[in-house]
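Structure, as structure tokens:
The values are calculated or read from the model by the stated rules, or taken from the named source; none is laboratory data. Values in this document were obtained by computation on a predicted structure and should not be read as measured data. Cβ: placed from backbone, ideal geometry, glycine included. Neighbour counts: every protein chain shown. Note: areas computed on protein heavy atoms with side chains; ligands, DNA, RNA excluded. Shrake-Rupley method; radii C 1.70, N 1.55, O 1.52, S 1.80 Å.
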Amino acid sequence: MEEQSPRLLRELRFHSFWNRDTAEEYKQIPASRVRVARISGIAPQVTQDGSPAFSLIARPAELAEELTGVIGRENDARLMAKGHVLHPVPDAMDVDFQERTACAIAACWDACEMGKEGYPTAPDALLLAVRELEGAIEYTNVLALLLRRIAKVQHELGLISDARATYLRVIEILESEPETAEGEIQQLQGLVQQLVTVDAVRAQQMEEWLPAEAASSCDVEDFEGVVEHYSLLAEYLVALLRVPVPSVFESTPESLADIDAHFWEENFPESFERWKIDESTVPLVGAFLGEVLVRRLGGRWVPRARLEESQVRVGDSVCLPFVRAYRYMRSRQALREHSLSQFYVEAELRCSGMRSIN
């Protein structure tokens, strides 16, 4: 589980551990009588036979068995209190299954913790955690519980599209369970609708172009890492369109015009579910558009924690390529009204104005 943790989170844990206040931790219990104390909120286990405490170095198997025994019993009690039926677990469980499950749960908890701490890579870690859970957790009630935790963190971070997609998956899981309360599903459906409304209103209210003095500053710690992530998103669009639109390899203004034509001919915005387009296609299109401005017009990324707020400084202005991509993918008509090639022409004119002034 520790190996699955991102480096920044491991460092956070290290500093939190060594800087913690231990004055109150052990004064009530003699150190020689404590087997396990103050680990993940588990109450101290006082030995009755005077045997030495378990050690992570000397006796890791015994320590893990005692810790997981306490956690398992408490978790079973919570599930049973909620009315869940617990199926018997065979004595000899598959080791690979245990490892996959542990790694998936670790990825979930770590990603949620990263989100609460405001790490710039948290959005990607949360999406990765979703995929890990889907591939490892076999019990649907547990999967729904963990995914809902991730969706809550995504919502708190302002990752509206990500949160909506995760909540929709939770609803799908709950609907497959006949004993699931209908009220819980209705509550989640109402929450998803609120997120759709918030996402649409926020994107519509944002301006696509801002003067340089009105632009926001970078609010992420790992500037280079986030810019590299934008480049990776653009490469995903290249991979997606490499056959129907071979000019995408060049990342030129002509590439943008060819993409406009392709999406129009395919009626792309109206051929797929709206949440899938917002979740999967809009980020790729916005990143590719921004990369073209960077490579061809000397633009410079200004990363932001919220994707739709991420900017490219071009000439004496700042543009929001992800907002443009959002409007671009609203409908087939929007492909023309908010075309990528038209956006590039406007950027080029702004750069020309800047050069003529100087």
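Every residue in region 221-262 that is in a helix (DSSP H, G or I), open to solvent by less than 30 Å² (accessible area, probe 1.4 Å), in contact with a Lys or Arg (Cβ under 9 Å, 6 or more places away or on another chain) and not acidic (Asp, Glu), please.
Across region 221-262, the qualifying residues are Val226, Val248.
Take the residues in region 340-356 that are modelled with pLDDT under 90 and of a type in the set (S, T, N, Q); name whichever of them is nearest to Leu297 (Cα to Cα).
Ser352
Looking for whichever is modelled with pLDDT under 80 and either in contact with a Lys or Arg (Cβ under 7 Å, 6 or more places away or on another chain) or under 15 Å from Glu308 (Cα atoms) (or both) here; the options are Gly158, Gly183. Which one fits?
Details: Gly183 fails: either in contact with a Lys or Arg (Cβ under 7 Å, 6 or more places away or on another chain) or under 15 Å from Glu308 (Cα atoms) (or both).
So the residue among Gly158, Gly183 that is modelled with pLDDT under 80 and either in contact with a Lys or Arg (Cβ under 7 Å, 6 or more places away or on another chain) or under 15 Å from Glu308 (Cα atoms) (or both) is Gly158.
Which one of the conditions (1) closer than 20 Å to Glu213 by Cα; (2) out of contact with any helix residue (DSSP H, G or I) (no Cβ under 8 Å at 6 or more places or on another chain); (3) open to solvent by 30 Å² or more (accessible area, probe 1.4 Å) does Glu273 fail to meet, given that it meets all the rest?
All conditions are met except number (1).
Given region 117-188, what helices (runs of 4 or more DSSP H) lie entirely inside it while holding 1 or more residues that are in contact with a Gly (Cβ under 8 Å, 6 or more places away or on another chain), buried (at least 19 other Cβ atoms within 10 Å of the Cβ) and at negative phi? Break it down into steps so the answer makes sense when it comes.
Details: elements: 122-136, 140-156, 160-175.
The qualifying helices (runs of 4 or more DSSP H) are 122-136, 140-156.
Taking helices (runs of 4 or more DSSP H) that do not extend beyond region 264-343, which have at least 1 residues that are closer than 22 Å to Leu232 by Cα and charged (D, E, K, R)? Quick ask: steps written out before the conclusion?
Working: elements: 282-297, 321-328, 332-337.
The helices (runs of 4 or more DSSP H) meeting that bar are 282-297, 321-328.
Any residue that is more than 23 Å from His262 (Cβ to Cβ) and open to solvent by 10 Å² or more (accessible area, probe 1.4 Å) - is there at least one of those in region 320-333?
no
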